[in-house]
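The values are calculated or read from the model by the stated rules, or taken from the named source; none is laboratory data. It should be emphasised that the depicted structure is a prediction, and the values quoted were computed from it without experimental measurement. Cβ placement follows ideal geometry from the backbone for every residue including glycine, while neighbour counts extend to all protein chains displayed. With ligands, DNA and RNA removed, areas are computed over all heavy atoms of the protein, side chains included. Shrake-Rupley method; radii C 1.70, N 1.55, O 1.52, S 1.80 Å.
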Amino acid sequence: MTTASTVVLPHPSGDKRLKMLDATMKRHQYQQDALIEILHKAQELYGYLENDLLLYIAHKLKLPPSRVYGVATFYHLFSLAPQGVHSCVLCTGTACYVKGAQAILANVEKMAHIRAGETTTNGQLSLLTARCLGACGIAPAVVFDGTVLGNQTPESVCDRIQGWLENGTQ
């Protein structure tokens, strides 16, 4: 008696991540309205969304590349460039702005030698801004590696980032 066994063929590119992305698209039945979920999976697998990957997704979902790129650039959680080991997201909403977010941003940019939206050359830090974190009561708010901290000062933020840049710790 013979048993049928399923043979899983590798993706033609040999990249296992692409095979996992294909499985996600198949699970969503290649539906165009699943684009955000598929982009999330792609970023989870690759760390960021490079142009070739966006084109691949557009082709598979039968969407214009401009639509995929538009969605990827609209949402601040998607990144089109490799991110640093650590991330610092500064809130620039009204409450944070009034309480000194611009001074924090200026000091961090000067100390780290990068501008908002960039990553340090050593790959330790990505500096980002957000329109509002929804933490207005603790303004100015900063997100360090996914943890929101409030009532920040230029000194407190720069101290934490300095530790990351010097030895990868806080």
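Quick one: would you say Tyr97 is over 28 Å from Ile57 (Cα atoms) and open to solvent by 80 Å² or more (accessible area, probe 1.4 Å)? Before you say what the answer is, go through the steps one by one.
Details: over 28 Å from Ile57 (Cα atoms): yes; open to solvent by 80 Å² or more (accessible area, probe 1.4 Å): yes.
Yes: the conditions hold for Tyr97.
May I ask you to list the residues in the range 15-48 that are open to solvent by 50 Å² or more (accessible area, probe 1.4 Å), at pLDDT below 95 and within 25 Å of Ser87 (Cα to Cα)?
Arg17, Glu44, Tyr48
Which one of the conditions (1) open to solvent by 70 Å² or more (accessible area, probe 1.4 Å); (2) touching a Cys at 6+ places or on another chain (Cβ under 8 Å) does Cys91 fail to meet, given that it meets all the rest?
Condition not satisfied by Cys91: (1).
Which of the following residues is farther than 13 Å from Leu39 by Cα and not charged (D, E, K, R): Thr73, Thr121? Lay out the reasoning, then the answer.
Values: Thr73 fails: farther than 13 Å from Leu39 by Cα.
None of the others qualify; the one that does is Thr121.
Here's a check for you: in the range 63-89, which residue that is without any contact (Cβ under 8 Å) to a residue 60 or more places away in the chain and aliphatic (A, V, I, L, M) is nearest to Ala139 (Cα to Cα)?
Of all residues in the range 63-89, those without any contact (Cβ under 8 Å) to a residue 60 or more places away in the chain come to 63-84, 87, 89.
Next, from what is left, pick out any that are aliphatic (A, V, I, L, M): 63, 68, 71-72, 77, 80-81, 89.
Numbers: Leu63: 40, Val68: 34, Val71: 29, Ala72: 28, Leu77: 21, Leu80: 28, Ala81: 29, Val89: 13 Å.
This residue is Val89.
Identify all residues within the range 41-81 that are under 15 Å from the mean Cα position of the chain (by Cα) and among the hydroxyl-bearing types (Ser, Thr, Tyr); write none if there are none.
Matches in the range 41-81: Tyr46, Tyr48, Tyr69, Thr73, Tyr75, Ser79.
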